[in-house]
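One structure is given here, and the rest of the page talks about it.
The values are calculated or read from the model by the stated rules, or taken from the named source; none is laboratory data. Predicted model only: the values in this text are computed from it and were never measured. Cβ placement follows ideal geometry from the backbone for every residue including glycine, while neighbour counts extend to all protein chains displayed.
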Amino acid sequence: MPLERLYLKDFRLFQEKTFTFTEGTNLILGVNGSGKTSILESLNILLAGKSFRTKDTKECINSEKDSYALSANGLMGEGKVSLKAFNSQEGRLNTNRMLEGKKIRQDDLFYLQAILSRDLKMIDGEPDIRRDYFNDLMFHVKPDVKKISNKYTKALKQRNRALKNKRDNTEIDIWTKEVSSIGLELSLLQYDFFKHFKTYSKNYIENITSVDSFNFLEGLDVSFSKGWERLKKLDESLDGCIERDKALGYTSKGPHRMDFTFNINKKRAGSNLSRGQLKILILLIFLSNYSLLKNLKDTETILMIDDLSSELDAYNLTSILEEILKIKHQVILTGIEGDEMLACLKKLTNFTQINI
């Protein structure tokens with residue numbers, strides 16, 4: 001069982017609290033402002049080493065205290081896992097991850113799929129949201145790509161600095177060649193992983209469009225944009241926009257601008273689906289990752305969804321819960337007391353209810 005116990009001390013509004021989870025579905029219920037999302041945030045810090053609410057995890061310290069401590073334990077395969085995190089006003093975030101008493105890397109832990117309010121803008125929101133989602137998944141499955149991405153980012157920063165400081169073309173050209181060389185390698189790896197992502201997401205959704213709640217997704221396709229003109233080489237594109245980049249003070253073309261678009265019957269999903277339909281599509285995309293993760297890395301996964309029932313009526317909520325319950329992994333959901341989700345879950349499965 002992935003996570004069994006979570007301990008929070010002086011984290012957000014929690015002074016000292018312990019939560020117990022079960023292997024299947026766990027539903028955290030409470031009124032608005034009771035700390036439901038903070039529980040998910042603490043797990044994100046323990047597993048991913050960062051908060052999804054703030055860049056500075058010092059902001060998570062209880063307003064009346066000087067530090068916070070988090071810990072969790074569970075099982076990964078046959079081994080016992082122990083996770084700890086600590087932060088103070090004077091220091092920075094410290095994390096410790098152990099498997100059977102030996103330190104392990106973050107990449108070797110459970111993969112955490114967290115579906116939060118920002119993720120619900122993935123289809124019709126800013127490209128950064130889609131890139132963050134894509135990179136997180138790609139770097140977990142293909143950790144070596146992250147090293148190349150980091151090299152590209154360093155070269156990109158140098159080119160941007162030269163552009164912003166109005167350096168002469170000789171210096172800019174040096175960094176343009178570096179960005180072009182590493183960028184082309186990164187772009188090919190991005191596209192290679194995108195093909196996996198597209199195949200698994202399309203196959204998964206095509207297999208469930210017979211369900212009435214999901215038949216609006218018939219004709220789904222996903223298109224890829226590499227971040228510069230389709231018929232140009234990257235070095236040609238960078239050379240062609242150098243004056244524009246000088247004026248902007250940054251590099252406007254390259255794999256850091258990669259994007260992908262969801263279309264239904266050749267129309268953009270973001271412009272043609274309702275809010276509820278967009279949410280269903282996003283949830284299904286995350287669920288399609290389970291086959292990808294199983295086949296490409298054989299990863300144990302934890303699914304966290306904040307406020308699942310918002311924008312979904314009882315019928316659609318039941319349909320999406322049925323799909324969630326099929327994945328046979330640990331699931332942690334949050335909901336407001338009195339919403340439809342509690343009634344739906346009672347009809348579908350045994351689950352653990354956590355009241356706060």
Exercise for the section: Please indicate, with yes or no, whether at least one residue in segment 109-119 is within 24 Å of Leu13 (Cβ to Cβ), more than 15 Å from the chain's Cα centre (by Cα) and of a type outside the set (Gly, Ala, Ser). Expected result: no
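Would you mind finding the one in Leu116, Leu156, Leu137 that is among the aliphatic types (A, V, I, L, M) and either in the same structural domain as Asn44 (by TED's automatic domain parsing) or under 30 Å from Lys65 (Cβ atoms) (or both)? So that I can check it myself, show each step before the final result.
Numbers: Leu156 fails: either in the same structural domain as Asn44 (by TED's automatic domain parsing) or under 30 Å from Lys65 (Cβ atoms) (or both); Leu137 fails: either in the same structural domain as Asn44 (by TED's automatic domain parsing) or under 30 Å from Lys65 (Cβ atoms) (or both).
The conditions single out Leu116.
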Problem - All positions within segment 157-166 that are touching a Lys or Arg at 6+ places or on another chain (Cβ under 8 Å) and not in a helix (DSSP H, G or I) - result: Lys166
Practice task
For segment 132-164, name all the residues that are free of Cβ contacts under 8 Å to residues at least 40 places away in the same chain, within 20 Å of Lys50 (Cα to Cα) and crowded, with 18+ Cβ neighbours inside 10 Å.
Solution key: Tyr133, Ser149
Completion exercise
Residue hits (segment 171-228; in contact with a Phe, Trp or Tyr (Cβ under 9 Å, 6 or more places away or on another chain) and at pLDDT below 95) are Ile208, Thr209, Asp212, Ser213
Practice task
Give me the pairs, please: first residue somewhere in segment 189-206 and at negative phi, second residue anywhere and small (Gly, Ala, Ser) and modelled with pLDDT under 95, beta-carbon distance under 6 Å, and either six or more positions apart or on two chains.
Solution key: Tyr200/Ser291
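Going by the conditions given, is Phe52 part of a loop (DSSP other than H, G, I, E, B) and either surrounded by 16 or more Cβ atoms within 10 Å (Cβ to Cβ) or modelled with pLDDT of 95 or more (or both)? Spell out the reasoning first.
Numbers: part of a loop (DSSP other than H, G, I, E, B): yes; either surrounded by 16 or more Cβ atoms within 10 Å (Cβ to Cβ) or modelled with pLDDT of 95 or more (or both): yes.
Here the answer is yes, as Phe52 does meet what is asked.
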Handout entry: Condition check for Asp235: more than 25 Å from the chain's Cα centre (by Cα), at pLDDT 95 or above and either assigned to a strand (DSSP E or B) or of a type outside the set (A, V, I, L, M, F, W, C) (or both)
Key = yes
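So, in segment 98-122, how many residues would count as being part of a strand (DSSP E or B) and either free of Cβ contacts under 8 Å to residues at least 40 places away in the same chain or among the polar types (S, T, N, Q) (or both)? Before the answer, list the steps.
Residues of segment 98-122 part of a strand (DSSP E or B): 98-99, 102-103, 111-115.
The next check asks that each one be either free of Cβ contacts under 8 Å to residues at least 40 places away in the same chain or among the polar types (S, T, N, Q) (or both); those that pass are 98-99, 102-103, 113.
Number of matching residues: 5.
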Problem - When residues of segment 172-216 are limited to those that are under 18 Å from Ser237 (Cα atoms) and among the acidic types (Asp, Glu), the one farthest from the chain's Cα centre (by Cα) - result: Asp173
Completion exercise
A careful count of residues in segment 13-25 that are surrounded by 20 or more Cβ atoms within 10 Å (Cβ to Cβ) and modelled with pLDDT under 95 gives 1
Practice task
Please verify whether segment 220-227 includes one or more residues that are in a helix (DSSP H, G or I) and either of a type in the set (A, V, I, L, M, F, W, C) or surrounded by 14 or more Cβ atoms within 10 Å (Cβ to Cβ) (or both).
Solution key: no
